[in-house]
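Presented below is the structure to which this report refers.
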Amino acid sequence: MKEENLINFNGELISANVPVFAVDNRAFRYGDGLFESIRIIKGEMPLYDLHVPRLQHACEMLKLELDKKYTAAYFKKEILKIAKAKGLLENARARLSIFRTAGGYYLPKSSKAEFIIEIRPLTENGFELNERGFKIDLYADVEKPVSKISSFKTCNALIYVLAALHRQEHGLDDCMLINWKSRIIESIDSNIFVVKAGMVHTPPLAEGCVAGVMRDYILQLLARLNIPFNETPLTLEEIFTADEMFLTNAIHGLKWVGEYKSKKFELNMAKTLSDAMNKELL
């Protein structure tokens, strides 16, 4: 077995080439599950403690029954176990997927949960801020519904798949998504922040965006740095009148947006926050 081809399935390291799903797997059939994307840097997971409450809340909301041994400490150990086995403790991304065990139609036969951990290498050292600003546009073909589960990273990701195809077709770096009120809520894989006259703005979770771990961290960092911010709905008009715009996620940190259509954005706050974040976490 090649070590680089391993996955962690319910605590057992096995080859990724070994089938672990039957056709009635509920994540495949119904998107019945969730996942966390976790950054590993120098054998540590600097934001792991922020992933835990989101994971626990999502499992409760989706009524997934975790084995008693599936604690935060257990998952941390299992993630680092496969990262070590693959020689990827220095710089990698982990994906922890949790899903309901197979069986049933819409009504499951059991709500017991299983999990898979995958590890992939990264080339970025730490959380590197991009030198070239992202070129983004709006994806408005499908609106994201707002509900009690819209803040979770579930296995149902069709809107993000369609937005990613739109990004590819138009030669973009990312796309903004909208909710049913046509307000800006997030991008394909990141939360959105804009800066206007020194004030940082980001959509509240009630608008339908994912409760991003890096979003949570940045809000805490802004408070520690005494930088004014608020959580407020964002319209396209506010995007056009903003001085700066940046995206955040747990894998890549902050990414500066350079342009949206004819609008050009400056780079100031994103660099300040990126420098402060790397100083705190690394």
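The values are calculated or read from the model by the stated rules, or taken from the named source; none is laboratory data. These numbers were taken from a predicted model, which means no experiment stands behind them. Cβ placement follows ideal geometry from the backbone for every residue including glycine, while neighbour counts extend to all protein chains displayed. Heads up: the accessible areas ignore ligands, DNA and RNA and are worked out on the full protein's heavy atoms, side chains in. Shrake-Rupley method; radii C 1.70, N 1.55, O 1.52, S 1.80 Å.
Of everything in the stretch 37-65 that is over 19 Å from Ile149 (Cβ atoms) and charged (D, E, K, R), the residue that is most open to solvent (accessible area, probe 1.4 Å) is Lys42.
Taking the stated definitions as given, is Leu34 in contact with a Ser or Thr (Cβ under 6 Å, 6 or more places away or on another chain), open to solvent by less than 30 Å² (accessible area, probe 1.4 Å) and closer than 24 Å to Ser150 by Cβ?
Working: in contact with a Ser or Thr (Cβ under 6 Å, 6 or more places away or on another chain): yes; open to solvent by less than 30 Å² (accessible area, probe 1.4 Å): yes; closer than 24 Å to Ser150 by Cβ: yes.
So Leu34 fits the description; yes.
Out of the residues in the stretch 244-253 meeting the condition of being under 12 Å from the mean Cα position of the chain (by Cα) and either in a strand (DSSP E or B) or among the basic types (Lys, Arg) (or both), tell me which one is nearest to Asp275 (Cα to Cα). Spell out the reasoning first.
Looking only at the stretch 244-253, we keep the residues that are under 12 Å from the mean Cα position of the chain (by Cα), and these are 247-253.
Next cut, either in a strand (DSSP E or B) or among the basic types (Lys, Arg) (or both) only: 247-249, 253.
Details: Leu247: 15, Thr248: 14, Asn249: 16, Gly253: 11 Å.
Here the residue is Gly253.
Every test in (1) of a type in the set (A, V, I, L, M, F, W, C); (2) in a strand (DSSP E or B); (3) in contact with a Gly (Cβ under 9 Å, 6 or more places away or on another chain) is passed by Ala27 save one, and that test is (2). All of Ala83, Ala27, Ala72 fail the test of being open to solvent by less than 20 Å² (accessible area, probe 1.4 Å), of a type outside the set (Phe, Trp, Tyr) and under 21 Å from the mean Cα position of the chain (by Cα), apart from Ala83. Could you list, in sequence order, all residues of the stretch 202-243 that are without any contact (Cβ under 8 Å) to a residue 12 or more places away in the chain, in a helix (DSSP H, G or I) and not acidic (Asp, Glu)? Gln220, Ala223, Arg224, listed by residue number. The numbered conditions (1) β-branched (Val, Ile, Thr); (2) under 29 Å from Glu259 (Cα atoms); (3) open to solvent by less than 10 Å² (accessible area, probe 1.4 Å) are all true for Val146 except (3). Scanning the stretch 148-194 for residues that are farther than 16 Å from Leu247 by Cβ and part of a strand (DSSP E or B) yields Thr154, Asn179.
A single entry from Ile7, Ile38 fulfils the requirement of being farther than 30 Å from Met277 by Cα, among the β-branched types (Val, Ile, Thr), at pLDDT 95 or above and part of a strand (DSSP E or B): Ile7. Among the residues of the stretch 103-129, the ones that are within 27 Å of Asn25 (Cα to Cα), part of a loop (DSSP other than H, G, I, E, B) and of a type in the set (Phe, Trp, Tyr) come to 2 in all. Taking the stretch 191-209 as the range and being farther than 20 Å from Trp256 by Cβ and open to solvent by less than 60 Å² (accessible area, probe 1.4 Å) as the test, the residues that pass are Pro204, Glu207, Gly208.
The residue pairs whose first member lies in the stretch 254-279 and is closer than 10 Å to Leu129 by Cα and modelled with pLDDT of 95 or more, whose second member is in a loop (DSSP other than H, G, I, E, B) and among the hydroxyl-bearing types (Ser, Thr, Tyr), and whose beta carbons are closer than 7 Å, counting only pairs six or more residues apart or on different chains, are Lys255/Ser190. Put simply, of Ile227, Ile188, Ile159, Ile239 the only residue that is of a type in the set (Val, Ile, Thr), open to solvent by less than 10 Å² (accessible area, probe 1.4 Å) and at negative phi is Ile239. Residues that are open to solvent by 60 Å² or more (accessible area, probe 1.4 Å) and among the hydroxyl-bearing types (Ser, Thr, Tyr) within the stretch 242-265 comprise just one, Ser262.
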